[in-house]
Amino acid sequence: MTLLQYIGHSAFYIKNDDGGVLIDPFISGNPKAVFDINNNKITDIFVTHAHSDHLGDAIPLSKALKAPISAIFELANYCASKGAYSKGINMGGKIKYPWGSAKFLPAFHSSATPEGTYAGMPASILFEIGGIKIYHAGDTCLNSEMKTIGEVYKPDIALLPIGSTFTMDIDDAVIAAQWLGVKQVIPMHYNTFELINTDASIFKNKTEKLGIKCMLLSPGEGINI
Ligand code: NI
Ligand code: MN
């Protein structure tokens, strides 16, 4: 049994018997985030890119829990320089973990540390856990790499940003869902603050017309996958 839980913004928690994974843990800085750090097993932390709404609590949590941060090489080194545990990876790399695997893939965005230094390329991440492939798109615009990812890796579930301004909007995310060939989508990166406010029910209507199941999760809400 695998639990996939939405924390808020682009933060998710995935858990099975062999581990607990935090992705883009923007929690203490996001008043809308819902997650109990103290009562959930956390064995690994993933960060798609260095922006503060994704790096979030990753560094202090890594230190407190002795859980490594898996991130693009330069960002992983930055986290290590702040005292965190880290695993550096780069595009196309796949790391195995007790709970499954993660492969780092492109995202079209930017990435600099809070100090403004280079943090490597922003990433999307394909998780495989219990035979299910979950694609976290990170922050990105619509891009044709998604066609390749759909063709070659065949993800089952996509976590897609829909809030526009800094990422894809709803219409582009609908195309992304089609290109990725997924059966199920969960929107993210919207309604956290005013610049990314949007109506996710429009996304749900558009994807479900195409036969793609859309789950609108409230922060704290989880599903068994
Ligand atoms: Ni960003
Ligand atoms: Mn962001």
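Annotations for the structure displayed:
- One residue from Gly131, Gly220, Gly211, Gly181 being of a type outside the set (Val, Ile, Thr), touching a residue at least 40 places away in the same chain (Cβ under 8 Å) and surrounded by fewer than 18 Cβ atoms within 10 Å (Cβ to Cβ): Gly220
- Criterion violated by Pro25 - all others in (1) in contact (Cβ under 8 Å) with a residue 12 or more places away in the chain; (2) more than 16 Å from ligand 2 (Cβ to nearest atom) satisfied: (2)
- Test: Lys103 is surrounded by fewer than 19 Cβ atoms within 10 Å (Cβ to Cβ) and in contact (Cβ under 8 Å) with a residue 12 or more places away in the chain: no
- Lone qualifier among Tyr135, Tyr78 - being at pLDDT 95 or above, in contact with a Ser or Thr (Cβ under 8 Å, 6 or more places away or on another chain) and more than 16 Å from ligand 1 (Cβ to nearest atom): Tyr135
- Of residues in the range 31-80 being among the acidic types (Asp, Glu) and surrounded by 15 or more Cβ atoms within 10 Å (Cβ to Cβ), the one nearest to His9 (Cα to Cα): Asp53
- If you go through the range 81-94 and pick out every residue that is buried (at least 18 other Cβ atoms within 10 Å of the Cβ), among the aliphatic types (A, V, I, L, M) and under 19 Å from Met121 (Cβ atoms), you end up with 1.
- Scanning the range 78-100 for residues that are on the phi < 0 side of the Ramachandran plot and touching a residue at least 40 places away in the same chain (Cβ under 8 Å) returns Tyr78, Tyr97, Pro98, Trp99.
- Where helices (runs of 4 or more DSSP H) fall entirely within the range 27-101, those with at least 3 residues that are in contact with a Gly (Cβ under 8 Å, 6 or more places away or on another chain) are at 52-55, 73-81.
- Failed item in (1) among the polar types (S, T, N, Q); (2) closer than 21 Å to Gln5 by Cα; (3) free of Cβ contacts under 8 Å to residues at least 60 places away in the same chain; (4) surrounded by fewer than 19 Cβ atoms within 10 Å (Cβ to Cβ), with Thr148 passing the rest: (2)
- When the criteria are applied in full, Ser52 fails the requirement of being of a type in the set (Ser, Thr, Tyr), away from ligand 2 (no atom under 16 Å from the Cβ) and in contact with a Pro (Cβ under 7 Å, 6 or more places away or on another chain).
- Residues in the range 146-162 include none that are touching a strand residue (DSSP E or B) at 6+ places or on another chain (Cβ under 9 Å), closer than 23 Å to Ala50 by Cβ, more than 13 Å from ligand 2 (Cβ to nearest atom) and among the acidic types (Asp, Glu).
- Among the candidates Thr140, Thr113, Thr167, Thr192, the residue that is more than 23 Å from Ile14 (Cβ to Cβ), within 16 Å of ligand 1 (Cβ to nearest atom), surrounded by 14 or more Cβ atoms within 10 Å (Cβ to Cβ) and at pLDDT 95 or above is uniquely Thr113.
- Residues of the range 24-59 classified as away from ligand 1 (no atom under 14 Å from the Cβ) and closer than 18 Å to His109 by Cα, total: 1
The values are calculated or read from the model by the stated rules, or taken from the named source; none is laboratory data. The structure presented is a predicted model; accordingly, all values stated were derived computationally and were not measured. So basically every Cβ, Gly included, is an ideal-geometry build from the backbone, and we count neighbours across all protein chains shown.
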